[in-house]
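Structure, as structure tokens:
The values are calculated or read from the model by the stated rules, or taken from the named source; none is laboratory data. Quick caveat: nothing in here was measured; it's all calculated off a predicted structure. Methodologically, a virtual Cβ is constructed for each residue, glycine included, from the backbone with ideal geometry; neighbour enumeration extends over all protein chains shown.
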């Protein structure tokens, strides 16, 4: 049963900043293959037997967000289930390295997941043959991209997945024409020249900073998370005006991003796609499921929208995630 919204508009079961006294957290960092520092939080059950090796799960945050937005929640709750977990900031975001900030580079995003596997595989309490991954929203497409060329990820789950390539090429429900796409590309190209000659950095998309009478319902959904105390978090050194907003000139990199091409080659490693049955993004999970080979599962959360699965702890199917990883990382 979905929780009723509080007077503030925040759902009663929204708990993005959840912490657990059953879990120990420490900040970590490691370098990716290109020697860039990737920042993360490592979580372990407080009663973990350190004389044994355990299954581990890495968690990626929504596109344009940081680990403190959704990823930490998932990592904490899965650590409560007995897993060693790691939430990470993608390059150019949060506490991870990468200049300019808010840059888009899908290959480096995917590389961060492989670098996280490198790191987890060196931990004395982790069995490197039992590492899985969760990608939330945009990270769902990045972890799929990574898993296609990194068989060390033994089981992959996505939640409220966005195919960031398709979303930028075609928009939701294929509502953007090729001519509109070309105009976006032309605008980015012109801005590259402007910035090369000294113009101010421009950002694109992302979450609006204020609501108006005609604000689109999807923007309102994101606003309720990213621009309110429900999920708002501004990393050190960042501007709240640009959180979730990628750099305009680099955002066109997504036009060349096709994470679901060859998704069937991940088999026989299992895939779990979780989406709300009311989510505006469900088309992406359904597309990935159609293309993937067995074993695969598409799980609908009744009554859930896209952002609901970022932090609605009574809607997120924790038991489903725990059973999936317990079974496939056994």
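For region 274-298, the tally of residues that are within 13 Å of residue 160 (Cα to Cα) and either touching a helix residue (DSSP H, G or I) at 6+ places or on another chain (Cβ under 6 Å) or surrounded by 22 or more Cβ atoms within 10 Å (Cβ to Cβ) (or both) stands at 10.
Rundown of residues vs (1) surrounded by fewer than 23 Cβ atoms within 10 Å (Cβ to Cβ); (2) more than 24 Å from the chain's Cα centre (by Cα); (3) closer than 21 Å to residue 244 by Cα, yes/no style:
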residue	(1), (2), (3)
140	no, no, yes
150	yes, no, no
158	no, no, yes
165	yes, no, yes
176	yes, no, no
179	yes, yes, no
189	yes, yes, no
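Exactly one residue out of 125, 136 is surrounded by 21 or more Cβ atoms within 10 Å (Cβ to Cβ), at negative phi and either touching a helix residue (DSSP H, G or I) at 6+ places or on another chain (Cβ under 6 Å) or modelled with pLDDT of 95 or more (or both): that is 136.
Listed by first and then second residue, the pairs with beta-carbon distance under 6 Å, at least 6 apart or on different chains, first residue in region 305-330 and farther than 21 Å from residue 62 by Cα, second part of a loop (DSSP other than H, G, I, E, B) and at pLDDT 95 or above, are 328/270. Considering the conditions (1) touching a strand residue (DSSP E or B) at 6+ places or on another chain (Cβ under 7 Å); (2) part of a loop (DSSP other than H, G, I, E, B); (3) modelled with pLDDT of 95 or more, residue 272 is excluded by exactly one of them, (2). Considering region 94-109, and only residues there that are part of a helix (DSSP H, G or I) and free of Cβ contacts under 8 Å to residues at least 60 places away in the same chain, the residue that is farthest from residue 65 (Cα to Cα) turns out to be 107. If you go through region 275-298 and keep only what is in a loop (DSSP other than H, G, I, E, B) and either in contact with a strand residue (DSSP E or B) (Cβ under 6 Å, 6 or more places away or on another chain) or in contact (Cβ under 8 Å) with a residue 40 or more places away in the chain (or both), you end up with 277, 279, 280, 281, 292.
Residue count for region 246-269, restricted to those that are surrounded by fewer than 20 Cβ atoms within 10 Å (Cβ to Cβ) and touching a strand residue (DSSP E or B) at 6+ places or on another chain (Cβ under 9 Å): 2.
Of the residues contained in region 147-166, one or more are found to be in a helix (DSSP H, G or I) and touching a strand residue (DSSP E or B) at 6+ places or on another chain (Cβ under 9 Å).
Residues that are modelled with pLDDT of 95 or more and under 30 Å from residue 10 (Cα atoms) number at least 2 in the following helices (runs of 4 or more DSSP H) confined to region 178-258: 217-226. Among the residues making up region 33-75, those that are in contact with a strand residue (DSSP E or B) (Cβ under 9 Å, 6 or more places away or on another chain), part of a loop (DSSP other than H, G, I, E, B) and farther than 27 Å from residue 204 by Cα are 46, 48, 50, 52, 53.
The condition of being within 17 Å of residue 236 (Cβ to Cβ) and touching a strand residue (DSSP E or B) at 6+ places or on another chain (Cβ under 7 Å) holds for residue 29. It is to be established whether one or more residues within region 1-14 are closer than 21 Å to residue 118 by Cβ and touching a residue at least 60 places away in the same chain (Cβ under 8 Å). Checked against the condition, which is being closer than 21 Å to residue 118 by Cβ and touching a residue at least 60 places away in the same chain (Cβ under 8 Å), region 1-14 yields no hits at all.
Can you name the number of the only condition in (1) free of Cβ contacts under 8 Å to residues at least 60 places away in the same chain; (2) closer than 26 Å to residue 169 by Cβ; (3) buried (at least 21 other Cβ atoms within 10 Å of the Cβ); (4) out of contact with any helix residue (DSSP H, G or I) (no Cβ under 6 Å at 6 or more places or on another chain) that residue 215 fails? All conditions are met except number (3). Looking at residue 303, is it modelled with pLDDT of 95 or more and either assigned to a loop (DSSP other than H, G, I, E, B) or buried (at least 20 other Cβ atoms within 10 Å of the Cβ) (or both)? It is true that residue 303 is modelled with pLDDT of 95 or more and either assigned to a loop (DSSP other than H, G, I, E, B) or buried (at least 20 other Cβ atoms within 10 Å of the Cβ) (or both). For region 218-236, a tally of residues being closer than 27 Å to residue 95 by Cβ and touching a residue at least 60 places away in the same chain (Cβ under 8 Å) returns 12.
Answer yes or no: is there a residue in region 119-134 that is in a loop (DSSP other than H, G, I, E, B), farther than 27 Å from residue 315 by Cα and within 14 Å of the chain's Cα centre (by Cα). No, region 119-134 has no match at all.
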